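The values are calculated or read from the model by the stated rules, or taken from the named source; none is laboratory data. What you are looking at is a predicted structure, and each value in this text was computed from that prediction instead of being measured. Here the Cβ positions follow ideal geometry from the backbone for every residue, glycine too, while neighbour counts run over all protein chains shown.
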Amino acid sequence: MRYGALTTPARPLVESALLAALGALFILVAFYVPLLGMFATLISPLPTAFVVIRHGVRWGVLSSFVTLAVLFPFLSPITAITLMTVYGTMGVALGYSVRRSLPAERTIGLMTGASMVGVAVDMLGAYLVTGLTLPQLAEQTAKVFNEVFEISHRITGGNPALEGMMQTVTPEMIMRTLPAGFLLGSLFLAWVNYEVVRRVLPRFGYTVEPLRPFSRWIMPEATGHVWLLAFVGLQLSPFYAEKLPFLAVVVDNVLPMAMLVLLLDAASALCFFLLRSGFAGGVAGLFTSMAVFMALSSPLLGFGVQLFGMIDVLFDLRRVRYPELSDI
């Protein structure tokens with residue numbers, strides 16, 4: 001990490017207050033201005049992160065409370081607390097990671113944990129303000145999926161695999177897999193915010209390590225073992241689902257997450273081998289995207305892709321973890 005434009009001496013209290021006001025402005029724009037709101041949402045954790053980078057976690061938390069106080073006159077208390085929790089926790093996690101020069105993977109992991117806290121508070125706020133319960137949220141989500149499927153069906157025609165998948169999208173199934181969706185949604189939000197902020201911080205003199213190129217992504221070895229156990233557990237679920245319902249719910253949540261992780265790993269491996277074969281980056285990306293779409297459209301092909309991803313995770317076909325072994 002290097003220091004640039006923000007190295008002029010300043011009292012932490014004054015600087016934290018100014019950045020808190022800026023953070024409140026970003027949140028208000030995200031809440032009230034539809035067009036600029038999306039961009040403001042992506043950079044809302046930045047002011048808190050700056051405070052943590054420059055002055056530590058204590059000042060970052062204090063700045064978050066100041067931001068909350070600024071928001072109270074413009075938003076309802078519950079809405080202000082909800083928004084500040086979402087962006088404040090992510091800002092503290094990001095600032096702490098940059099201050100400690102943590103690698104990108106750990107930074108996104110911390111931001112994911114912070115995002116999960118924020119999303120939980122957001123759901124609690126929605127319940128307190130509107131009375132929206134989790135079963136009602138699951139029912140609304142199922143309706144959205146069905147509407148999207150109907151639009152896709154009218155545009156692209158019938159897809160037997162997609163139709164079969166949509167038959168399983170019920171409010172009951174969404175409630176069962178809510179933890180998996182909760183975690184994956186938080187991870188996606190953390191990754192998007194990280195990629196945006198990573199490109200902004202260098203303009204102020206701070207460097208943030210990027211993720212390794214997609215063709216060099218490799219997932220933890222434990223993912224392959226977890227996928228195997230969850231897949232076997234799914235096949236055996238008729239024998240224990242009634243006696244051990246909690247175990248069935250665990251399998252229903254773990255298996256989709258493991259499947260998605262192995263799909264990403266397989267896509268990364270395919271991109272790697274295409275690039276090594278001499279394909280241009282754009283062409284390799286296009287072919288990889290087409291392969292992912294085909295895997296999502298065909299259960300049999302999707303299962304084969306998961307097997308390939310599991311083999312790469314367990315045996316490191318690309319020698320990403322131990323590159324020195326490629327010479328053996």
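Of note:
- Filter pass, R100 being out of contact with any helix residue (DSSP H, G or I) (no Cβ under 8 Å at 6 or more places or on another chain) and closer than 23 Å to G205 by Cα: yes
- The stretch 167-186: number of residues that are within 11 Å of M116 (Cα to Cα) and of a type in the set (A, V, I, L, M, F, W, C): 3
- Only one entry in L71, L128 is surrounded by fewer than 17 Cβ atoms within 10 Å (Cβ to Cβ) and at pLDDT below 90, namely L128.
- Just so you know, in the stretch 140-184 the residues that are at pLDDT 75 or above, surrounded by fewer than 16 Cβ atoms within 10 Å (Cβ to Cβ) and charged (D, E, K, R) include one that is nearest to L301 (Cα to Cα), and it is E150.
- Every listed requirement among (1) exposed (fewer than 14 other Cβ atoms within 10 Å of the Cβ); (2) more than 24 Å from the chain's Cα centre (by Cα) is met by L317 save one, (1).
- P34 vs. criteria at pLDDT 85 or above, within 24 Å of the chain's Cα centre (by Cα) and not acidic (D, E): no
- Residue within the stretch 97-115 that is modelled with pLDDT of 85 or more, over 26 Å from M173 (Cα atoms), surrounded by 17 or more Cβ atoms within 10 Å (Cβ to Cβ) and among the hydroxyl-bearing types (S, T, Y) present: yes
- Close pairs from the stretch 220-240: first assigned by TED's automatic domain parsing to the domain that holds E105 and closer than 9 Å to V251 by Cβ, partner among the small types (G, A, S) and part of a helix (DSSP H, G or I), Cβ under 7 Å, at least 6 apart: none
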